[in-house]
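S.K.: The structure's right below; bear with me while I get my questions together.
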Amino acid sequence: RSALQNEFVALSSEIERIAVTTEFNGVRLISGGNTLTLQVGFNSRSTSQISFTGVQGTLNSLGLAGAGLSNLTYSLNGSTIETGQSASRLALDAVNSAISSLAATRGVLGAVESRLNVAITSLTVARENFAAAESRIRDVDVASEAAELTRLSILQQAGASVLAQANQQPALALSLLS
């Protein structure tokens, strides 16, 4: 029982350490309980956002500290799992309850992850469609500009031809008079 008590304390310390130190971008993911809102669309409407409440993974929120784990030693009425059989059973029940709570939380997080994967896939397709549309617009602009260049070139050549003929008119008139 002494070895089990030591292991219980060590595992409890590690659970608490992980819960308190896990952060992403300054947000505590396991001990903050903050509501996180992720923008996954093109506008600011709520349909373009995914919100979820952060996980509570500290010993207190899992129901392990409330029964006397304030100093990371499970005790009930002064007895630890090292010294009392009833305290050991209560500790086991508390751990089983915490495991059930974590399983439910994992389900919620799995659903959020699934929604994020769908949003990522949708945004990837939208990005590809926008890139294809931009390419088509640029291609149309190049074709339009090439047609305009050809039109202006024909007009310039026609203008030069008319000018050449206009310059020949006085010489023709002089040759007729002579």
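S.K.: When N counts the residues of segment 89-178, how does its alpha-carbon radius of gyration compare numerically with 2.2 N^0.38 Å, as a ratio?
M.R.: Relative to the 2.2 N^0.38 Å estimate, segment 89-178 comes out at 3.19.
S.K.: Per residue, how many Å² of accessible area does the chain show with a 1.4 Å probe?
M.R.: I get 71 Å² per residue for this part.
S.K.: Add -39500 (n - 2.57) for each DSSP H run of 4 or more in the chain, then divide by its residues: what number comes out at 222 nm, to the nearest 500 deg cm²/dmol?
M.R.: Theoretical 222 nm ellipticity from helices: -24000 deg cm²/dmol.
S.K.: Helix 85-177: angle to the longest alpha-carbon principal axis of the chain, degrees 0 to 90, nearest 10?
M.R.: Value to nearest ten degrees: 10.
S.K.: Which whole-number percent is the relative contact order of the chain (Cα, under 8 Å, 6+ apart)?
M.R.: 16
S.K.: A follow-up question, please. Give the angle, between 0 and 90 degrees and rounded to the nearest 10, that separates the Cα long axis of helix 2-21 from the longest principal axis of the Cα atoms of the chain.
M.R.: That helix lies at roughly 30 degrees to the long axis.
S.K.: Note down the nm distance, to one decimal, between modelled labels 7 Å out along Cα→Cβ at residue 168 and at residue 118.
M.R.: 7.6
S.K.: Using a Förster distance of 35 angstrom, determine the FRET efficiency expected from the C-beta separation of residue 144 and residue 42, and round it to 0.05.
M.R.: So the FRET efficiency works out to roughly 0.80.
S.K.: Taking only the alpha-carbon positions of segment 1-41 and ignoring solvent, what does the Debye formula give for the base-10 log of I(q)/I(0) at q = 0.24, 0.30 Å⁻¹?
M.R.: Cα-only, vacuum Debye calculation for segment 1-41: -0.79, -0.96.
S.K.: In nm, to one decimal, how far is the residue 85 label point from the residue 160 one, both placed 7 Å along Cα→Cβ?
M.R.: With each label placed 7 Å out from Cα toward Cβ, I get 11.2 nm.
S.K.: In nm, to one decimal, how far is the modelled label at residue 51 from the one at residue 103, with both set 7 Å along Cα→Cβ?
M.R.: About 3.1 nm, to one decimal.
S.K.: Could you tell me the center-to-center distance, by alpha carbons, between segment 96-118 and segment 4-18 in angstrom?
M.R.: If you average the Cα positions of each part, the centres end up 23 Å apart.
S.K.: Can you pull the percent of Cα pairs in the chain with separation above 30 Å?
M.R.: 57
The values are calculated or read from the model by the stated rules, or taken from the named source; none is laboratory data. Computed from a prediction, not measured in an experiment: that's the story for all the values here. A quick note on method: Cβ atoms are made from the backbone with ideal geometry, for glycine too, and the neighbour counts reach across all protein chains shown. Heads up: the accessible areas ignore ligands, DNA and RNA and are worked out on the full protein's heavy atoms, side chains in. Shrake-Rupley method; radii C 1.70, N 1.55, O 1.52, S 1.80 Å.
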